[in-house]
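Chemist: The structure under discussion is supplied below as structure tokens; questions concerning it will follow.
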Amino acid sequence: MSVADSLHIDFGALELPIPVSTAPTLTDLDPARDILADLLKAALNAELGQRWPHAAPTGESMGAAPVADVLPTLDLLDTMRERKASFPLLSVARAGDVQSDELTLERAQITQAWQIDYVLCPLTTGAERRVLDVLQAALKIIVGTIERGGHRAYRVGPDGRPLSVLGPWGDGCCGFLTAAVTRAQMGGASFSASSPAYLAASVTLTTTEATHDHPDADTVPLTGATLLAGTGDASGVIEGLIEARL
């Protein structure tokens, strides 16, 4: 397919046509997920980073940073089996059904749930006591960062203030029309009947994304168009204020 055959629309953060690439994977086709994951990783590492090296248990497969690994999948157990995951682990992935709505004749919108998990590796009782409070802190950092739409550790503007990157406008943004936390919980987590017990903080996020025309989209040609603008008469009545003939 040539670029000319594309839809020439942006749907959330996905731009069509998709840029040409020789990359051996298609894992870059959800920029919103990658931006959201990078934002939350930066926020968690910044907020917890000063205390982490002094409090994190040693010899417990725990990394040197509050977020040592990021996975863009819901199948955590299979992925962890396929490759050795590092902990604490941050998982950000779309989840569940997608609701599609028609905003206008030319604009569509989808509503999508996301699952965000912050997972600690299985710990001894003593090690668990040392870091258990980090779960509620991580949960609050995730929720607060989403509410603010950004974090100073991730991206700042010319004035030094954190930039909102969840919204629909601007380069490097998630393209969400709305983003709201609908559920949050923490505690023990098990990925299968035979897997060890993990500790996790989980957040469910619901977002909406809509289409809008790409700057290169087809438009009605105005070559040869006649535009008439009325200015009114003595009676004050304006007839045919704007009339276009194509």
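Chemist: Tell me which strands (runs of 3 or more DSSP E) are completely within the stretch 66-153 and hold 3 or more residues being touching a residue at least 40 places away in the same chain (Cβ under 8 Å), or say none if there are none.
Modeler: Here the list reads 89-104, 107-120.
Chemist: State whether one or more residues within the stretch 188-197 are open to solvent by 70 Å² or more (accessible area, probe 1.4 Å), under 24 Å from the mean Cα position of the chain (by Cα) and at pLDDT below 80.
Modeler: No: zero hits.
Chemist: Now, a different point. Looking only at the stretch 165-187, count every residue that is open to solvent by less than 70 Å² (accessible area, probe 1.4 Å) and assigned to a loop (DSSP other than H, G, I, E, B) and tell me the total.
Modeler: 10
Chemist: I've got another one for you. On the basis of being within 25 Å of ALA32 (Cβ to Cβ) and either surrounded by 13 or more Cβ atoms within 10 Å (Cβ to Cβ) or among the hydroxyl-bearing types (Ser, Thr, Tyr) (or both), does VAL143 make the cut?
Modeler: yes
Chemist: In this structure, is GLY144 at pLDDT 95 or above and under 30 Å from HIS212 (Cα atoms)?
Modeler: When the stated conditions are applied, GLY144 passes them.
Chemist: Still on this structure: Could you please let me know if ALA4 is at pLDDT below 90 and assigned to a loop (DSSP other than H, G, I, E, B)?
Modeler: no
Chemist: Further question on the same structure: Do we find that GLY149 is open to solvent by less than 20 Å² (accessible area, probe 1.4 Å), at pLDDT 90 or above and within 25 Å of ASP34 (Cβ to Cβ) in this structure?
Modeler: Answer is yes for this residue.
Chemist: Also: Taking the stretch 21-38, which residues are of a type in the set (Gly, Ala, Ser) and either buried (at least 17 other Cβ atoms within 10 Å of the Cβ) or modelled with pLDDT of 95 or more (or both)?
Modeler: ALA32, ALA37
Chemist: Still on this structure, please answer the following. State all residues of the stretch 153-192 that are closer than 18 Å to VAL143 by Cα and of a type in the set (Val, Ile, Thr); if no residue qualifies, say none.
Modeler: Matches in the stretch 153-192: VAL165, THR178, VAL181, THR182.
Chemist: Please tell me if VAL181 is of a type outside the set (Gly, Ala, Ser), out of contact with any His (no Cβ under 6 Å at 6 or more places or on another chain) and without any contact (Cβ under 8 Å) to a residue 24 or more places away in the chain.
Modeler: When the stated conditions are applied, VAL181 does not pass them.
The values are calculated or read from the model by the stated rules, or taken from the named source; none is laboratory data. All of these numbers come straight from a predicted model, not from anything done at the bench. All Cβ positions, even for glycine, are placed from backbone atoms using ideal geometry, and neighbour counts span all protein chains on display. Please note that ligands, DNA and RNA were not included when accessible areas were found on the heavy atoms of the full protein model with its side chains. Shrake-Rupley method; radii C 1.70, N 1.55, O 1.52, S 1.80 Å.
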